[in-house]
Amino acid sequence: MIFVTQLTVIPGQLEEATRMFKHPKIPANVVLHEFLGLLGKPDALAIFEAPDAVTAADFTVQFGRVADVTTSLALPIEEFKWTW
């Protein structure tokens, strides 16, 4: 499963957040594809694979003390069943 996490740094936590974003703790069963800093809000974006939502949460929970964290499941566009 592919997940996208948006991170908005909590005021006063920029230095710690930057350190954490540069060196995240990655569980053995998580594959981090990209960790990007953004110009604007949110401040950073992580794109990663995890076998399930629980494992994704285990990875993203570490950022909760320095950022507001929003994680979404991402699906290839071909898998969407569009209805009109």
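Just so you know, all these numbers are worked out from the coordinates, no wet-lab data involved. Just so it is clear, the model here is predicted, and its values are computed rather than measured. FYI the Cβ positions are ideal-geometry reconstructions off the backbone, even for glycines, and counts take in every protein chain you see.
Phi angles across region 68-75 convert, under the Karplus curve 6.51 cos²θ - 1.76 cosθ + 1.60 with θ = phi - 60°, into 3J(HN,Hα) values of 7, 10, 10, 10, 10, 7, 10, 10 Hz, Gly and Pro given as x.
In a DSSP loop and with at most 13 other Cβ atoms within 10 Å, there are no GluC sites (Glu not before Pro) in region 1-48. Each Lys or Arg adds one and each Asp or Glu takes one away; over the other residues whose Cβ falls under 13 Å from the Cβ of PHE3, this sums to -4.
Starting with the fewest neighbours, write out PHE35, PHE63, PHE48 ranked by other beta-carbon atoms found within 10 Å of each beta-carbon. Before the final figure, lay out the partial values.
Working: PHE35 16, PHE63 20, PHE48 24.
Least to most surrounded, the residues fall as PHE35, PHE63, PHE48.
Please compute the length gained on full extension between LEU45 and GLN13, using 0.36 nm multiplied by the number of residues separating them and subtracting their Cα-Cα distance. Working shown, then result.
Working: separation 32, 0.36 × 32 = 11.52 nm, distance 1.66 nm.
Gain on stretching LEU45 to GLN13: 9.9 nm.
Within a straight-line Cα-Cα reach of under 18 Å, LYS25 can be paired with the following aspartates and glutamates, leaving aside sequence neighbours fewer than 8 residues apart in one chain: GLU15, GLU16, GLU34, GLU49, ASP52, ASP58, ASP68. Computing Cα Rg over 2.2 N^0.38 Å for the structure here picks out one of (i) 1.77; (ii) 1.15; (iii) 1.01, namely (ii).
Based solely on its DSSP helices, what 222 nm [θ] is calculated for the chain when runs of n ≥ 4 H residues each add -39,500 (n - 2.57) and the sum is averaged over all residues, nearest 500 deg cm²/dmol? After summing the helix terms and dividing by the residues of the chain, the value is -5500 deg cm²/dmol. Residues whose amide H comes within less than 5 Å of that of ASP43, counting only those at least five positions distant or on another chain, are LEU7, THR8, VAL9 (H built at 1.01 Å from N in the peptide plane). Note: relative contact order over region 2-75, using C-alpha pairs below 8 Å and six or more positions apart, is 50 percent.
The phi-based Karplus calculation (6.51 cos²θ - 1.76 cosθ + 1.60; θ = phi - 60°) puts the 3J(HN,Hα) values of region 49-61 at 10, 8, x, 6, 5, 5, 5, 4, 5, 4, 6, 7, 4 Hz, whole numbers, x for Gly and Pro.
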